Amino acid sequence: MILYREPTRQELTVLRRSFDQWGIFDHVLDKEILINEKKLNGSRIKEVYLTTKDNYKMIPGNASLSYIGMLVGYLKRRSFVPSMAGADLIARVGVKFPFVIVNQTAEALVLYGRDIMHGSIVDYGNLGRNNTTLIILNENRIPIGLGINTVSIGKNIPTLDKRIVIKTIVDAGYYLRNERWIDE
């Protein structure tokens with residue numbers, strides 16, 4: 001049973017456009033893109049993995065892609081949404097990707113899944129219109145989550161300081177909060 005497949009022509013077009021928008025198109029040119037489809041609660045999830053061409057040649061048909069490649073995101077309808085590993089890749093090698101940098105107080109709150117107020121934003125860049133998916137970075141430029149801006153973010157808008165401007169979608173602390181500890 002094969003657990004993965006190559007992207008269809010339409011999926012590949014969506015992924016290439018998205019990789020270009022996130023600024024990692026040049027980085028993934030020499031990588032193999034693989035799709036792993038899963039059914040969860042009645043809906044299909046398409047996981048997007050990156051691996052090297054050499055690793056791709058050695059993959060046995062029943063191997064789990066998590067051992068061979070990196071889960072960089074998900075295909076949802078006709079869009080690509082990065083995973084936390086994908087956000088880390090984008091933050092390291094991407095150019096001109098949408099981001100916000102938050103202060104230490106907001107960093108702690110984001111790691112618990114909380115949303116971001118305007119007054120907590122230290123810097124931002126490449127934000128288009130509202131509802132833009134963006135990477136949330138701490139002051140050391142390390143990705144701590146993904147979010148969506150709900151209003152335009154500007155530096156000189158004091159009335160927005162206590163207003164939530166970014167809805168946190170996923171955060172780096174998620175897996176720790178949901179990890180099951182085994183009693184010894």
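Nothing in this text is a laboratory measurement; each read-out follows from the coordinates by a stated rule. Just so it is clear, the model here is predicted, and its values are computed rather than measured. Backbone-built Cβ (ideal geometry, glycine too); neighbour counts: all protein chains shown.
One table, with the values for the structure above:
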{"quantity": "Pairs beyond 29 Å (Cα-Cα), from LYS31/LYS167; LYS53/LYS167; LYS57/LYS96; LYS96/LYS167; LYS46/LYS96; LYS39/LYS96", "calculated": "LYS31/LYS167; LYS53/LYS167; LYS57/LYS96; LYS39/LYS96"}
{"quantity": "Magnitude of the charge dipole, the chain, Cβ model with Lys/Arg +1 and Asp/Glu -1, debye to 20", "calculated": "800"}
{"quantity": "Degrees separating the helix 9-21 axis from the principal Cα axis of the chain, which is the longest one", "calculated": "30"}
{"quantity": "Residue-averaged [θ]222 nm for the chain, counting only DSSP H segments that reach four residues, each worth -39500 (n - 2.57)", "calculated": "-6500 deg cm²/dmol"}
{"quantity": "Cα-based helix-to-principal-axis angle, 84-93 vs the chain, degrees rounded to 10", "calculated": "80"}
{"quantity": "Size of electric dipole in region 98-177: Cβ of Lys, Arg +1 and of Asp, Glu -1, about Cα centre, debye, nearest 20", "calculated": "200"}
{"quantity": "Net charge of Cβ neighbours under 12 Å - reference TYR4; Lys, Arg +1; Asp, Glu -1", "calculated": "-1"}
{"quantity": "Excluding exposed DSSP-loop chymotrypsin sites (Phe, Trp or Tyr not before Pro) (at most 16 other C-beta within 10 Å), longest clean stretch of the chain", "calculated": "1-111"}
{"quantity": "25 °C / 0.890 mPa s Stokes-Einstein diffusion coefficient of the chain, Kirkwood radius on C-alpha pairs, µm²/s", "calculated": "139"}
{"quantity": "Counted charge near PRO143, where neighbours are those whose Cβ lies closer than 14 Å (Asp, Glu -1; Lys, Arg +1)", "calculated": "-2"}
